[in-house]
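Enquirer: Right, I'll just put the structure down here and ask away after.
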Amino acid sequence: MTDVMILTDGRYGQTEPKVDAPRLKKIINGRLIRDHEIIDNDVLYICNGKILNPQDCFFSSGKLPNEIIDAEGLLIAPGFIDIQINGAFGVDFSEWREEDHIKNGLDKVSKGLLNYGCTSFLPTLISSKPELYHKVLPLIKPRKGNINQGAEILGAHLEGPFIASNQYGAHDLLNVRTAPNGFSDFVDMYGLSCSSEGNDENQNIKLITVAPDVEGVLDSIKQLIKIGITVSIVAQAEEAIKRGANCITHLFNAMQQFHHRDPGIIGMLGTNYPRPYYGIICDGIHVHPNSIKIAYDSHPRGAILITDAMEAMGLPPGDYTLGDVPVRKSGKKVEVIENGKLAGSVLTMDECVRNFKKFTGCSIVEAIEAATLHPAELLGIDNVKGTLYPGADADLVFLDDDLRIVKCFIAGIEPAEDALQKRNSIWDIKNNWAPNNYDGGV
């Protein structure tokens with residue numbers, strides 16, 4: 001059995017009494033997801049937000065834990081990472097009202113996501129006008145997760161507007177753009193810095209989804225990567241992968257479908273080139289379970305579970321918007337009112353994990369790693385996210401064998417029970433509607 005120490009910080013209510021010295025918590029009787037397997041009856045030590053090798057500090061200092069937490073045989077995994085979420089709980093990241101609306105919305109979503117085991121995320125903006133990007137992107141600053149602000153914001157995911165005009169899904173076609181001037185059109189659209197050192201706005205952008213077959217996009221990929229942006233694609237995959245793109249956005253959706261003589265982007269799952277990661281919406285609506293299993297069987301280490309959730313997640317059926325587009329939530333489905341196209345989801349990350357295991361027959365470890373390790377590897381942050389190795393952040397979820405969330409820790413601290421109950425009663429900011437036993441339709 002290997003002991004691992006986690007350093008944590010932060011205080012919340014009465015759950016963490018103020019003391020001068022760092023507090024150590026010891027978690028016992030846990031089943032840890034580590035090294036691609038479940039390690040039974042392992043131990044974690046918590047103190048100041050980071051995982052450290054106990055050989056380096058615990059045994060040499062001889063300090064005993066201040067508190068012992070019995071995991072009672074539950075699975076302990078890294079917190080989930082959602083790289084594509086358009087909004088939730090009445091908040092739409094692609095909607096501008098005023099600066100406080102975006103700031104308060106980010107806080108609301110960050111806190112609410114902890115209920116579903118999501119401890120890090122990329123607020124996602126769909127195809128929008130330049131003025132919206134220029135207003136919103138400076139506000140989506142990466143920030144550490146903590147007990148007061150909620151899940152960590154890793155930066156923004158920009159899905160569009162450089163996407164194909166015949167595969168635009170629920171985006172407003174009027175916002176879809178080409179890039180005839182190449183990289184300079186990206187600079188103008190997003191307000192980027194051309195310097196390799198970047199600027200605040202560059203640092204706020206973690207991931208961009210583009211269609212390489214759109215004029216000017218393919219030749220811009222290397223420059224986008226040079227300024228620190230990960231590129232995900234929805235078309236013309238082979239050449240884009242050669243130029244550095246390394247992910248497929250929501251596999252099977254808004255892209256050419258597979259044909260045995262022209263496999264398109266989906267065929268990249270069977271290529272001899274380095275195979276890309278692929279995001280997949282595991283709600284059984286966007287993609288049939290059998291198709292999800294085909295993707296998993298082809299490239300299990302590339303699967304990244306995403307929600308593609310929008311503002312109706314956690315709220316009752318009714319009419320909402322996705323950016324500028326009016327949509328309607330009915331049960332677990334969200335559709336554009338005008339044409340019936342799917343418009344994001346109301347899925348949560350914990351349900352993604354459960355569905356993925358159910359649809360594919362994969363192991364518990366594989367299902368969890370598709371929501372933790374794989375997105376962290378894509379973003380180049382697997383030294384601090386998605387694992388329980390020394391040096392990683394102490395964002396944890398405790399799960400039962402049905403992969404349901406029992407506890408969630410952010411920076412090593414568990415939200416107080418009354419705080420979680422309050423967050424479970426998030427109300428619709430438009431209609432002042434407060435759910436009682438409503439489960440958000442998921």
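Enquirer: Kindly establish whether GLU131 is assigned to a loop (DSSP other than H, G, I, E, B) and charged (D, E, K, R). Give the derivation first.
Expert: Working: assigned to a loop (DSSP other than H, G, I, E, B): no; charged (D, E, K, R): yes.
It is false that GLU131 is assigned to a loop (DSSP other than H, G, I, E, B) and charged (D, E, K, R).
Enquirer: Please state which one of LYS329, LYS407, LYS358 is modelled with pLDDT of 95 or more, out of contact with any Lys or Arg (no Cβ under 8 Å at 6 or more places or on another chain) and within 30 Å of TYR133 (Cα to Cα). Outline the logic, then answer.
Expert: Details: LYS407 fails: within 30 Å of TYR133 (Cα to Cα); LYS358 fails: within 30 Å of TYR133 (Cα to Cα).
Only one candidate passes the filter, namely LYS329.
Enquirer: Let me ask something additional. What is the residue count in the stretch 236-253 for residues that are touching a Pro at 6+ places or on another chain (Cβ under 6 Å) and at positive phi?
Expert: Summing the residues that are touching a Pro at 6+ places or on another chain (Cβ under 6 Å) and at positive phi in the stretch 236-253 gives 1.
Enquirer: Only strands (runs of 3 or more DSSP E) wholly contained in the stretch 305-357 count here; list those with 1 or more residues that are in contact with a Phe, Trp or Tyr (Cβ under 6 Å, 6 or more places away or on another chain). Steps first, please.
Expert: Values: elements: 318-322, 325-330, 333-336, 342-345.
Where strands (runs of 3 or more DSSP E) fall fully within the stretch 305-357 and carry at least 1 residues being in contact with a Phe, Trp or Tyr (Cβ under 6 Å, 6 or more places away or on another chain), they are 325-330.
Enquirer: Among (1) free of Cβ contacts under 8 Å to residues at least 12 places away in the same chain; (2) assigned to a strand (DSSP E or B), which single condition is SER232 missing?
Expert: So the condition that SER232 fails would be (1).
Enquirer: Something else now. Say we look at the stretch 163-181 and pick out the residues that are at pLDDT 95 or above and of a type outside the set (D, E, K, R); which of these is surrounded by the fewest Cβ atoms within 10 Å (Cβ to Cβ)?
Expert: Going residue by residue through the stretch 163-181, those that are at pLDDT 95 or above are 177-181.
Retained after the next criterion (residues that are of a type outside the set (D, E, K, R)): 178-181.
Values: THR178: 16, ALA179: 21, PRO180: 10, ASN181: 13.
My answer is PRO180.
Enquirer: I've got another one for you. Looking only at the stretch 376-385, decide whether some residue is surrounded by fewer than 24 Cβ atoms within 10 Å (Cβ to Cβ), touching an Asp or Glu at 6+ places or on another chain (Cβ under 7 Å) and without any contact (Cβ under 8 Å) to a residue 40 or more places away in the chain.
Expert: Within the stretch 376-385, one or more residues are surrounded by fewer than 24 Cβ atoms within 10 Å (Cβ to Cβ), touching an Asp or Glu at 6+ places or on another chain (Cβ under 7 Å) and without any contact (Cβ under 8 Å) to a residue 40 or more places away in the chain.
Enquirer: A follow-up question, please. Considering each residue of the stretch 96-140, count those that are open to solvent by 50 Å² or more (accessible area, probe 1.4 Å) and either closer than 30 Å to LEU399 by Cα or out of contact with any helix residue (DSSP H, G or I) (no Cβ under 7 Å at 6 or more places or on another chain) (or both), and give that number.
Expert: Applying the first criterion (open to solvent by 50 Å² or more (accessible area, probe 1.4 Å)) to the stretch 96-140 yields 96-100, 103-104, 111, 129, 131, 134-135.
From the residues that got through so far, the ones that are either closer than 30 Å to LEU399 by Cα or out of contact with any helix residue (DSSP H, G or I) (no Cβ under 7 Å at 6 or more places or on another chain) (or both) too are 97-98, 100, 104, 111, 131, 134-135.
Of the residues in that region, 8 qualify.
Enquirer: Can I ask one more? Checking the condition open to solvent by less than 20 Å² (accessible area, probe 1.4 Å), aliphatic (A, V, I, L, M), assigned to a loop (DSSP other than H, G, I, E, B) and more than 18 Å from HIS171 (Cβ to Cβ), which residue from ALA295, ALA367, ALA371 passes?
Expert: Working: ALA295 fails: assigned to a loop (DSSP other than H, G, I, E, B); ALA367 fails: assigned to a loop (DSSP other than H, G, I, E, B).
The match here is ALA371.
Enquirer: Sticking with this structure for a sec: Take the stretch 371-402 and flag every residue that is modelled with pLDDT of 95 or more, touching a Leu at 6+ places or on another chain (Cβ under 8 Å) and at positive phi.
Expert: The one that is modelled with pLDDT of 95 or more, touching a Leu at 6+ places or on another chain (Cβ under 8 Å) and at positive phi: GLY386.
Listed here are the residues, each with its yes/no results for (1) open to solvent by less than 20 Å² (accessible area, probe 1.4 Å); (2) closer than 18 Å to PHE121 by Cα.
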site: LEU218; (1), (2): no, no
site: LYS226; (1), (2): no, no
site: THR230; (1), (2): no, yes
site: ALA237; (1), (2): yes, no
site: ILE241; (1), (2): no, no
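Enquirer: Is it true that some residue in the stretch 295-312 is of a type in the set (Phe, Trp, Tyr) and over 22 Å from GLY117 (Cα atoms)? Let's see the steps before the verdict.
Expert: Our first condition is that a residue be of a type in the set (Phe, Trp, Tyr); within the stretch 295-312, this holds for 296.
Then drop every residue that is not over 22 Å from GLY117 (Cα atoms), which leaves 296.
So far as the stretch 295-312 goes, yes, one or more of its residues are of a type in the set (Phe, Trp, Tyr) and over 22 Å from GLY117 (Cα atoms).
Enquirer: Pairs under 7 Å by beta carbon, first residue part of a loop (DSSP other than H, G, I, E, B) in the stretch 249-274, partner modelled with pLDDT of 80 or more and among the aromatic types (Phe, Trp, Tyr), six or more apart or different chains?
Expert: From residues that are part of a loop (DSSP other than H, G, I, E, B), the pairs are LEU251/TYR278.
Enquirer: Working only within the stretch 68-106, note down all residues that are small (Gly, Ala, Ser) and in a strand (DSSP E or B). Can you show your working first?
Expert: First, pick out the residues of the stretch 68-106 that are small (Gly, Ala, Ser): 71, 73, 77, 79, 87-88, 90, 94, 105.
Within the stretch 68-106, ALA77, GLY87, ALA88 qualify.
Enquirer: Something else: If you go through the stretch 62-74 one residue at a time, do you hit one that is within 30 Å of THR249 (Cα to Cα) and either open to solvent by 10 Å² or more (accessible area, probe 1.4 Å) or at pLDDT below 80 (or both)? Break it down into steps so the answer makes sense when it comes.
Expert: The initial filter retains those residues of the stretch 62-74 that are within 30 Å of THR249 (Cα to Cα), namely none.
No: zero hits.
Enquirer: Quick check on my filter: what residues within the stretch 182-193 are buried (at least 16 other Cβ atoms within 10 Å of the Cβ) and of a type in the set (Gly, Ala, Ser)? Spell out how you get there, then give the answer.
Expert: Kept after step one, since they are buried (at least 16 other Cβ atoms within 10 Å of the Cβ), are these residues of the stretch 182-193: 183, 185-187, 189-192.
The answer is GLY191, and nothing else.
Enquirer: If I go through the stretch 269-288 residue by residue, how many of them are over 21 Å from ASP350 (Cβ atoms), open to solvent by less than 30 Å² (accessible area, probe 1.4 Å) and either touching a Gly at 6+ places or on another chain (Cβ under 6 Å) or among the acidic types (Asp, Glu) (or both)?
Expert: Residues flagged as over 21 Å from ASP350 (Cβ atoms), open to solvent by less than 30 Å² (accessible area, probe 1.4 Å) and either touching a Gly at 6+ places or on another chain (Cβ under 6 Å) or among the acidic types (Asp, Glu) (or both) within the stretch 269-288 amount to 0.
Enquirer: Check ALA77, ALA88 and return the single one that is within 28 Å of THR249 (Cα to Cα), out of contact with any Ser or Thr (no Cβ under 8 Å at 6 or more places or on another chain), modelled with pLDDT of 95 or more and of a type in the set (A, V, I, L, M, F, W, C). Please lay out each step first, then the result.
Expert: Numbers: ALA77 fails: out of contact with any Ser or Thr (no Cβ under 8 Å at 6 or more places or on another chain).
None of the others qualify; the one that does is ALA88.
Enquirer: If you don't mind, another one. Check ASP308, ASP350, ASP319, ASP324 and return the single one that is in contact with a strand residue (DSSP E or B) (Cβ under 7 Å, 6 or more places away or on another chain), open to solvent by 60 Å² or more (accessible area, probe 1.4 Å) and in contact (Cβ under 8 Å) with a residue 12 or more places away in the chain.
Expert: Values: ASP308 fails: open to solvent by 60 Å² or more (accessible area, probe 1.4 Å); ASP350 fails: open to solvent by 60 Å² or more (accessible area, probe 1.4 Å); ASP324 fails: in contact with a strand residue (DSSP E or B) (Cβ under 7 Å, 6 or more places away or on another chain).
That would be ASP319, the only listed residue that is in contact with a strand residue (DSSP E or B) (Cβ under 7 Å, 6 or more places away or on another chain), open to solvent by 60 Å² or more (accessible area, probe 1.4 Å) and in contact (Cβ under 8 Å) with a residue 12 or more places away in the chain.
The values are calculated or read from the model by the stated rules, or taken from the named source; none is laboratory data. In this text, all values refer to a predicted model and were calculated from it rather than measured experimentally. When we count neighbours, we look across all protein chains shown, and the Cβ atoms used for this are built from the backbone with ideal geometry, even at glycine. With ligands, DNA and RNA removed, areas are computed over all heavy atoms of the protein, side chains included. Shrake-Rupley method; radii C 1.70, N 1.55, O 1.52, S 1.80 Å.
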